[in-house]
Amino acid sequence: KTTGCKADLNALFPGGVVVVDDDLMVRTLTKGAIAARYSVTVEAHESAQKFLEAMFRHPHPDGAGTGADNSSIRQPLSTRPRSLILMDHMMPVMDGEQVLEHIPAGHPHLVVMMSGTHFTNEDRERICGKGVAAFFEKPLEWRSFDDVLNEIAR
């Protein structure tokens, strides 16, 4: 059943939306489309390594930042707002599935969705077991994306 109702990403994911994709065109278009469609600010990373560094590095002891402001990610687990991560499945060096293995334990505030092409049933079963909330074939079909977001909101 497809509702087609646009989800409120600001309410669902007050911690923000992040796109991780090694393809510049896909990353740029996806970031822009999500920002325009849902009126949210979208952070983007070109590699799994840059995503992990930005999300999980610790602030300097003197309080000085280390780059992008990820203060919400550095908050204690119990107070962190929920964030949406739209992760490319196939990337060089470290793919989306491997990223899941590098996210420190105890981050239930991160909702990870995997995007890619030609997911097999085995891929879906294996990756779902690692905490992926949904899979999307590229290019994203917005009605399906909205349906998944609306399910998360329930």
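The values are calculated or read from the model by the stated rules, or taken from the named source; none is laboratory data. Model, not experiment: these values are computed from the prediction. Because the Cβ atoms are built from the backbone with ideal geometry, glycine has one as well, and the counts that use them run over all protein chains shown. Surface accessibility is based on the protein's heavy atoms, side chains included, excluding ligands, DNA and RNA. Shrake-Rupley method; radii C 1.70, N 1.55, O 1.52, S 1.80 Å.
State which residue pairs qualify: first residue at positive phi and inside segment 79-97, second residue in a loop (DSSP other than H, G, I, E, B) in any location, beta carbons under 8 Å apart, and separation of 6 or more residues or different chains. Partner pairs satisfying both residue conditions: V93/S47.
Within segment 15-43, count every residue that is part of a loop (DSSP other than H, G, I, E, B), open to solvent by 20 Å² or more (accessible area, probe 1.4 Å), closer than 19 Å to V148 by Cα and in contact with a strand residue (DSSP E or B) (Cβ under 8 Å, 6 or more places away or on another chain).
Narrowing segment 15-43 to residues part of a loop (DSSP other than H, G, I, E, B): 15, 21-23, 39-41.
Filter once more, so that each one left must be open to solvent by 20 Å² or more (accessible area, probe 1.4 Å): 15, 22-23, 39, 41.
With the extra rule that they be closer than 19 Å to V148 by Cα, the set shrinks to 15, 39.
In the following step, the residues that additionally are in contact with a strand residue (DSSP E or B) (Cβ under 8 Å, 6 or more places away or on another chain) were identified as 15.
The qualifying residues number 1.
Residue under question is V99, and the condition is that it be buried (at least 17 other Cβ atoms within 10 Å of the Cβ) and assigned to a helix (DSSP H, G or I); does it hold? Considered against the rule, which asks whether it is buried (at least 17 other Cβ atoms within 10 Å of the Cβ) and assigned to a helix (DSSP H, G or I), V99 comes out as yes.
Per-residue answers, yes or no, for (1) surrounded by fewer than 16 Cβ atoms within 10 Å (Cβ to Cβ); (2) at pLDDT 90 or above; (3) charged (D, E, K, R):
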| residue | (1), (2), (3) |
| --- | --- |
| C128 | yes, no, no |
| G131 | yes, no, no |
| F135 | no, yes, no |
| D146 | no, yes, yes |
